[in-house]
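The values are calculated or read from the model by the stated rules, or taken from the named source; none is laboratory data. The shown structure was predicted, so the numbers you read here are calculated from the model rather than taken from an experiment. Ideal geometry is used to build each Cβ from the backbone, glycine not excepted, and the neighbour counts take in all protein chains shown. The protein model used for the area step is the full one, side chains on, heavy atoms only, and it has no ligands, DNA or RNA in it. Shrake-Rupley method; radii C 1.70, N 1.55, O 1.52, S 1.80 Å.
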Protein chains: 2
Amino acid sequence: MNEYPKSAMSTPTSDTLESQVEDLSGAAALDADRYQKKMQRRKEVQDQRLAQRDVEKGLIIVNTGNGKGKTTAALGMVLRSLGHGYRVAIVQFIKGAWEPAEKAVFDRWPEQIEFLAMGEGFTWETQDRDRDIAKAREAWEKGLEFIRNPEFKLVLLDEVNVALKLGYLQADEILAGLDDKPADSHVILTGRGAPAELIERADLVTEMTLVKHPFREQGVKAQPGIEF
Amino acid sequence: MNEYPKSAMSTPTSDTLESQVEDLSGAAALDADRYQKKMQRRKEVQDQRLAQRDVEKGLIIVNTGNGKGKTTAALGMVLRSLGHGYRVAIVQFIKGAWEPAEKAVFDRWPEQIEFLAMGEGFTWETQDRDRDIAKAREAWEKGLEFIRNPEFKLVLLDEVNVALKLGYLQADEILAGLDDKPADSHVILTGRGAPAELIERADLVTEMTLVKHPFREQGVKAQPGIEF
């Protein structure tokens with residue numbers, strides 16, 4: 001068991017893992033010698049591929065779709081960024097509060113993390129559209145400050161797509177704001193129903209698709225540690 | 001800005017957010033009074049729904065698909081579980097090492113987290129199938145110990161689906177192992193190509209679908225804080 005990677009060049013990304021599965025699912029049938037030769041060729045291709053990917057840039061990342069894991073995957077990126085010592089800003093557009101468990105984690109990095117929950121809960125809790133719109137605008141103004149500030153290497157605009165979908169904010173103002181992003185910082189925009197213009201503009205877009213969900217199918221309630 | 005949720009009952013899950021977007025995208029056209037009435041009705045439905053979901057159970061969670069965010073979303077659940085004070089075990093089946101940034105984060109919870117990187121890197125790095133299989137078996141034995149141990153509320157078997165796809169492990173032994181899971185603990189299985197039997201058995205399955213990827217399309221290399 002090793003605790004550190006062998007080299008930065010061999011940093012395994014899901015991308016390379018995916019290629020591996022594609023290429024190797026037939027490899028189980030090969031004898032040891034042919035397997036080893038196949039792997040040698042595979043390694044040459046892989047090394048060449050990695051060498052060609054030499055661009056460093058801050059990414060615009062969109063996590064959308066009807067499935068789970070949009071905010072959760074963004075939190076995983078927050079975690080990695082904290083581990084690198086980067087400063088991170090998080091703005092929550094819809095919920096009126098941070099989950100206590102997430103807050104308890106973030107509180108261990110007071111010098112690296114800023115988080116703001118600017119919503120007032122769900123629209124059916126507030127039942128007041130004008131106030132919801134005002135809160136969404138306020139959240140976006142704060143988000144824009146963070147985006148423009150080169151000290152923040154990662155800015156998470158959580159559930160901003162929902163605010164767009166509800167008409168609280170307009171896609172063109174978000175796109176204009178993203179123009180102000182420093183070249184090496186990342187912005188993650190989460191939420192179902194990301195508008196087409198945003199997907200067009202983003203560098204990395206993932207759609208989380210629901211295959212099976214226990215809350216609907218089994219009457220299971222939201223579980224601590226999983227949902228919040 | 002509030003920092004704590006108003007009540008546990010109103011804990012916003014993506015599930016409720018999704019219903020919101022579905023039901024409310026037409027709400028922008030309503031006048032304030034009709035909007036408020038619509039929201040009142042929506043809240044009654046929502047409260048009733050939450051009241052019906054009263055089952056608590058440990059979940060078998062699968063993150064699969066060709067997109068990004070499978071391991072990353074699992075890390076988000078690890079983060080939340082740590083925030084709740086739960087013990088968490090992570091076994092990495094393919095990579096031979098933990099990313100330094102992830103390790104730096106986990107090192108702030110030495111009393112709550114166990115992590116093991118049991119692989120020896122990519123098959124094209126080792127070029128030795130027998131050793132890869134032995135390592136995957138060893139990883140599974142450790143994973144099984146964690147699954148059976150009721151002290152661990154969350155066990156992450158990272159990239160185990162890849163080990164299954166490559167034929168290093170068999171789905172039936174994984175399913176048999178999941179039978180030993182205590183009723184209230186969660187197991188997350190990540191990786192592309194989850195076998196059908198596992199999907200059938202799982203409670204919560206999300207497919208991460210690649211919409212756009214900068215590494216292929218723009219020659220951008222893996223970015224710290226995002227990929228590792």
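Pull up all non-local amide H partners of B:Gly69: gap of 5 or more, or a different chain, and H-to-H distance under 5 Å with H placed in the peptide plane.
none
Specify, per residue and in Å³, the volume enclosed by the convex hull of the alpha carbon atoms belonging to segment A:101-228. Could the numbers behind the result be given before it?
Numbers: hull volume 17.5 nm³, N = 128.
With only Cα atoms used, segment A:101-228 gives 137 Å³ per residue.
Could you tell me the accessible area of A:Arg192 in Å² (1.4 Å probe, neighbours in place), rounded to the nearest ten?
30 Å²
Explain nothing, just the number: relative contact order of segment A:60-217, from Cα pairs under 8 Å at least 6 residues apart, as a whole percent.
38 percent
Could you give, in nm with one decimal, how far B:Asp107 is from each other copy of that position, shortest first, with labels 7 Å out from Cα toward Cβ?
The projected label point of B:Asp107 is separated from its counterparts by 2.4 nm.
On average, how many beta carbons from a partner chain sit within 10 Å of the beta carbon of a residue in B:129-141?
Mean partner-chain Cβ count within 10 Å for B:129-141: 1.
Other chains near A:185-193: what is the mean number of their Cβ atoms within 10 Å of each residue's Cβ? Don't skip to the answer; put the middle values down first.
Working: counts 1, 3, 0, 1, 0, 1, 4, 6, 4.
Counting Cβ atoms of other protein chains within 10 Å of each residue's Cβ and averaging gives 2.
At A:Val211, with labels set 7 Å past Cα in the Cβ direction, how many nm apart are the copies from this one, shortest first?
2.0
What accessible area per residue comes out for segment A:60-217, rounded to a whole number of Å², with a 1.4 Å probe?
That works out to 31 Å² for each residue.
Counting only the heavy atoms of the protein chains, how much of B:Val187 is accessible to a 1.4 Å probe, in Å² to the nearest 10?
Its accessible surface works out to 0 Å², give or take rounding.
For B:His186, what residues show an amide H to amide H distance below 5 Å, using hydrogens built from the backbone and excluding near sequence neighbours?
B:Leu59, B:Leu154, B:Val155
Which distances, in nm and shortest first, link the A:Pro182 label point to the same label point in every other copy, taking 7 Å along Cα→Cβ?
With the label placed 7 Å along Cα→Cβ, A:Pro182 yields 4.5 nm.
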